1. Within the stretch 1-35, take every residue that is basic (Lys, Arg) and modelled with pLDDT of 85 or more and give me the one that is farthest from Leu70 (Cα to Cα).
2. For the stretch 99-153, name all the residues that are among the hydroxyl-bearing types (Ser, Thr, Tyr) and touching a Leu at 6+ places or on another chain (Cβ under 9 Å).
3. Exactly one of (1) surrounded by fewer than 21 Cβ atoms within 10 Å (Cβ to Cβ); (2) within 19 Å of Ile142 (Cβ to Cβ); (3) touching a strand residue (DSSP E or B) at 6+ places or on another chain (Cβ under 7 Å) is unmet by Ser73. Its number?
4. Within the stretch 42-64, identify whether any single residue is polar (S, T, N, Q), farther than 23 Å from Arg124 by Cβ, touching a residue at least 24 places away in the same chain (Cβ under 8 Å) and surrounded by 23 or more Cβ atoms within 10 Å (Cβ to Cβ), and answer yes or no.
5. Would you confirm whether or not the stretch 90-110 contains a residue that is within 22 Å of Leu186 (Cα to Cα), among the small types (Gly, Ala, Ser), in a helix (DSSP H, G or I) and touching an Asp or Glu at 6+ places or on another chain (Cβ under 8 Å)?
6. Restricted to the stretch 100-126, and to residues that are over 16 Å from Asn10 (Cα atoms) and small (Gly, Ala, Ser), which residue is modelled with the highest pLDDT?
7. What residue, of Gly188, Gly157, is modelled with pLDDT under 90 and of a type outside the set (S, T, N, Q)?
Amino acid sequence: MIQNWFAMRNSLAAASRIISRERFRERITAAEIALLLLCGAAAALASGFLRLGLHIPGNAIIRVVVPMALGLSLAPRRFAGCIMSSGALGTAAVVTAAGLGPYDPGAFASLCLTGPIMDFALARAQSGWLLYLRLAFAGIIINLLALAMRAGTKLMGFDVADARPFVIWWPQALFTYILCGAVAGLIGAVCCFRLRTANHPR
């Protein structure tokens, strides 16, 4: 019965750029669970250590959404995002406990929320522009929540990385967080899912 919780999402399987739909099994396998956990771990490591050099507030989401979109294309299952977020949070906790690099509250929020929000956004998505737009919308929502977390820390005086006053910081951050969220979702969609599929799922 637990296997049914992770039923295959036919529309995502048909749209995957990486694996043919015929190669997916009806029930989730241990290999798929391990793959999803690894994608979550990759998102956490990218968030903590990979720097894109963009110097734009909110660009960190790109490092999280793209590995998780890859996971969804490799194992397009119900609750796949939640599994990836579990792997991401576990990895971030180990990295932090080992003293290898702290994660700011916004990064933790992104790692925690990205998987479940992508699950929700793609629950009824079909292939094509709707799938792309849903992933872009998911990126925006994720980044707005991360922005709220970051804004809270700044208002409470815990933000030491950016000394700009809140009233100067937030108008620019609001725009760039929304932009980066949409771009992250679209990059993940373009890299991992086809815009058109030969045979649409019934």
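The values are calculated or read from the model by the stated rules, or taken from the named source; none is laboratory data. A quick note: this is a predicted structure, and the numbers were derived from the prediction, not measured. Positions of Cβ are generated from backbone atoms using ideal geometry, with glycine treated the same way; all protein chains shown enter the neighbour counts.
1. Arg9
2. Answer for the stretch 99-153, where residues must be among the hydroxyl-bearing types (Ser, Thr, Tyr) and touching a Leu at 6+ places or on another chain (Cβ under 9 Å): Tyr103, Ser110, Ser127, Tyr132.
3. (1)
4. Yes, because at least one residue in the stretch 42-64 is polar (S, T, N, Q), farther than 23 Å from Arg124 by Cβ, touching a residue at least 24 places away in the same chain (Cβ under 8 Å) and surrounded by 23 or more Cβ atoms within 10 Å (Cβ to Cβ).
5. Within the stretch 90-110 (the criterion being within 22 Å of Leu186 (Cα to Cα), among the small types (Gly, Ala, Ser), in a helix (DSSP H, G or I) and touching an Asp or Glu at 6+ places or on another chain (Cβ under 8 Å)), the answer is no, since none of the residues qualifies.
6. The residue in question is Gly115.
7. Selected residue: Gly157, the only one of Gly188, Gly157 that is modelled with pLDDT under 90 and of a type outside the set (S, T, N, Q).
Let's see how each residue does on (1) more than 19 Å from Ser16 (Cα to Cα); (2) charged (D, E, K, R); (3) modelled with pLDDT under 90:
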| residue | (1), (2), (3) |
| --- | --- |
| Ala42 | yes, no, no |
| Arg51 | yes, yes, yes |
| His55 | yes, no, yes |
| Ala60 | yes, no, yes |
| Pro67 | no, no, no |
| Ala75 | no, no, no |
| Gly81 | no, no, no |
| Ser86 | yes, no, no |
| Thr91 | yes, no, no |
